[in-house]
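A.B. asks: One structure is given below, represented as structure tokens, and several questions about it will come after.
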Amino acid sequence: MLTISAIKADVGSIGGHTRPSQRMMEAARSQLAAATERGLITDFDVTHCGDDICLLMVHRHGNDNADVHNFAWDVFSAATAIAQEEGLYGAGQDLLKDAPSGNVRGAGPGAAEISFDETAKDRPAEPFLIFTADKCGPGAFNFPLWTVFTSPLYNAGLMLGKMKAGFRFTVIDMEYAGADRVIELESPEQHIDLAILLRDENRFGIKSIFSRKYPNQQVVAVSTDRLHTIAGEYKGKDDPVCVMRTQGIFPAPEEAVSPYFTAHYVAGDARGSHHMPMMPAPINTAITSAYCIPLVACMAYSVTRKGKLSEGVDVFGNPVWDATRLKAQLKADEMRRQGFVGPAMLPMQELEYSAFRDSLAELESRFQIVDKPGAK
Ligand code: 13P
Ligand code: MG
Ligand code: MG
């Protein structure tokens with residue numbers, strides 16, 4: 001068995017919420033190289049999307065492994081120490097506990113993991129994608145994942161025999177703190193039920209997707225922990241990571257990225273409080289746009305049966321995505337022209353977790369109840 005673990009966290013960034021420093025990235029890289037050397041992991045890559053560092057680790061210890069998760073925590077702690085030394089903003093932002101209890105989930109960092117039998121006949125090769133996104137929540141993946149796995153309009157591959165039987169989705173209630181509150185739904189029969197839930201990207205998110213024809217084969221994992229359900233208050237956005245295996249019995253990468261042409265609006269952005277379009281961006285891009293246009297990066301890799309990674313291909317780091325980037329910028333411009341009004345900002349219940357709560361509470365306390373004219 002091989003496991004792909006993608007664990008990400010924001011532990012500090014330069015001049016605001018832009019990107020981690022080179023020293024932080026190098027420290028993470030050298031620690032993962034040492035872990036490969038001593039055999040904890042078989043291979044790795046370290047990237048960032050905006051201010052979030054993503055540790056990609058391949059290993060043989062399965063999902064939710066304490067050694068791997070504690071190690072990831074230690075790497076983020078070392079990067080935090082550098083951020084502190086360099087006076088960076090939000091040093092240690094996503095490390096919400098003193099130490100994780102053997103798992104980073106519930107302690108701040110986001111984790112997406114898939115384990116699979118690397119010798120299975122259904123998978124003669126193992127290509128996969130890592131999507132990392134900044135300035136948005138895990139629900140930002142609802143639209144692209146629903147479309148790729150339920151709609152032939154976005155993925156004609158669904159008409160092929162290996163995918164026609166559909167997929168099994170686990171959807172999680174991200175507002176439920178502590179345990180996981182989940183529901184399983186199957187496409188194609190229940191794709192409308194899925195839509196009913198997934199339209200609320202702040203509350204419901206896709207946690208995992210499995211093949212129905214090959215029931216042991218997991219195709220998608222998404223980090224679905226929300227920082228405010230851990231901390232009870234706004235601690236930055238829950239910038240998510242998604243692992244997606246591709247090709248053969250699964251969608252091809254070119255199908256998997258097709259919904260990103262839309263530059264769909266997502267919740268997040270400046271202060272995690274607005275709606276803005278999602279812009280596909282090259283890996284290792286800093287956040288510098290007005291109101292923090294959310295960025296999504298996508299890296300394509302292959303992994304051998306021995307757990308060795310190929311070099312990565314930067315899927316959105318290519319001129320073919322320039323038109324979409326321009327579209328996202330124009331959509332952002334349109335939304336920002338209406339300032340704070342209506343859909344430009346998040347609904348009040350989402351702002352409840354932010355510092356806007358205090359400004360609201362102060363005004364609420366000054367409301368008066370006045371009798372309607374003519375009322376007895
Ligand atoms: P991050 O969650 O990426 O740290 O961004 C926080 C924020 O409020 C940006 O305006
Ligand atoms: Mg930040
Ligand atoms: Mg971030």
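The values are calculated or read from the model by the stated rules, or taken from the named source; none is laboratory data. Computed from a predicted structure; not experimentally measured. Heads up, the Cβs are rebuilt from the backbone with ideal geometry, glycines too, and the neighbour counts pull from every protein chain shown. Ligands, DNA and RNA are stripped out before the accessible areas are found, and what is left, the full protein with its side chains, is counted by its heavy atoms. Shrake-Rupley method; radii C 1.70, N 1.55, O 1.52, S 1.80 Å.
Yes/no matrix, rows are residues, columns are (1) within 16 Å of F210 (Cα to Cα); (2) open to solvent by 30 Å² or more (accessible area, probe 1.4 Å):
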position	(1), (2)
P124	no, yes
G139	no, no
A156	no, yes
G166	yes, no
T170	yes, no
Y176	no, yes
I183	yes, yes
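A.B. asks: Does the range 94-109 hold any residues that are in contact with a Lys or Arg (Cβ under 7 Å, 6 or more places away or on another chain) and open to solvent by 10 Å² or more (accessible area, probe 1.4 Å), and which are they?
C.D. replies: L96 - this is the single residue of the range 94-109 that is in contact with a Lys or Arg (Cβ under 7 Å, 6 or more places away or on another chain) and open to solvent by 10 Å² or more (accessible area, probe 1.4 Å).
A.B. asks: Are any residues in the range 110-122 away from ligand 3 (no atom under 16 Å from the Cβ), crowded, with 19+ Cβ neighbours inside 10 Å and among the small types (G, A, S), and if so, which ones?
C.D. replies: S115
A.B. asks: Does D225 satisfy the criteria of being among the acidic types (D, E), open to solvent by 10 Å² or more (accessible area, probe 1.4 Å) and touching a residue at least 24 places away in the same chain (Cβ under 8 Å)?
C.D. replies: yes
A.B. asks: While we're on this one: In the range 79-134, how many residues are of a type in the set (D, E, K, R) and within 28 Å of M1 (Cβ to Cβ)?
C.D. replies: Within the range 79-134, residues that are of a type in the set (D, E, K, R) and within 28 Å of M1 (Cβ to Cβ) number 8.
A.B. asks: Contact list please: Cβ distance under 8 Å, first residue in the range 10-21 and over 14 Å from V46 (Cα atoms) and open to solvent by 30 Å² or more (accessible area, probe 1.4 Å), second residue of a type in the set (G, A, S) and modelled with pLDDT under 95, pairs at least six apart or on different chains.
C.D. replies: As it stands, the answer is H17/G236, since those pairs meet every condition given.
A.B. asks: Restricting the range 236-258 to residues that are more than 29 Å from V11 (Cα to Cα) and outside any helix (DSSP H, G or I), which is nearest to ligand 2 (Cβ to nearest atom)?
C.D. replies: Among them, the one singled out is T246.
A.B. asks: Which of the residues spanning the range 56-81 are touching a Pro at 6+ places or on another chain (Cβ under 9 Å), buried (at least 16 other Cβ atoms within 10 Å of the Cβ) and hydrophobic (A, V, I, L, M, F, W, C)?
C.D. replies: A72, W73, F76, A79, listed by residue number.
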